[in-house]
Amino acid sequence: MVDVVVRLNVEAGEEARLFGVYLNRFVANHGVEADRFADVPYLMIHTDPAGEVDVKVLTFQERTAAQAFTSGWSQARSGLKTARTA
């Protein structure tokens, strides 16, 4: 099994709040998949603070989970940016 590392820049404030909401929803919706990895962590997360932007480092045990998370986060984030400009 190979670790799949995803690095995301997340701005402080509303984007950081949205990231937390999205992360919780993603984990809740992928519980069945996570159960398959009972002997290893399904997802590990840490934050490297970098001023106004935090770098979220997510390590997945499965490439498809990393792709699903990244795709979903991109959609959620674009919705936030659309709301800001409206």
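Here, each number is a calculation from the coordinates, and none is a lab measurement. Computed from a predicted model, the values in this text were never measured in an experiment. For neighbour counting, all protein chains shown are included, and Cβ atoms are generated from backbone atoms with ideal geometry for every residue, glycine included.
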FRET efficiency, 1/(1 + (r/R0)^6) with R0 25 Å, evaluated for residue 17 and residue 70 via beta carbons: 0.85
Sorted by chain and then number, the residues having a modelled amide H within less than 5 Å of the amide H of residue 62, at least 5 places away or on another chain, are 4
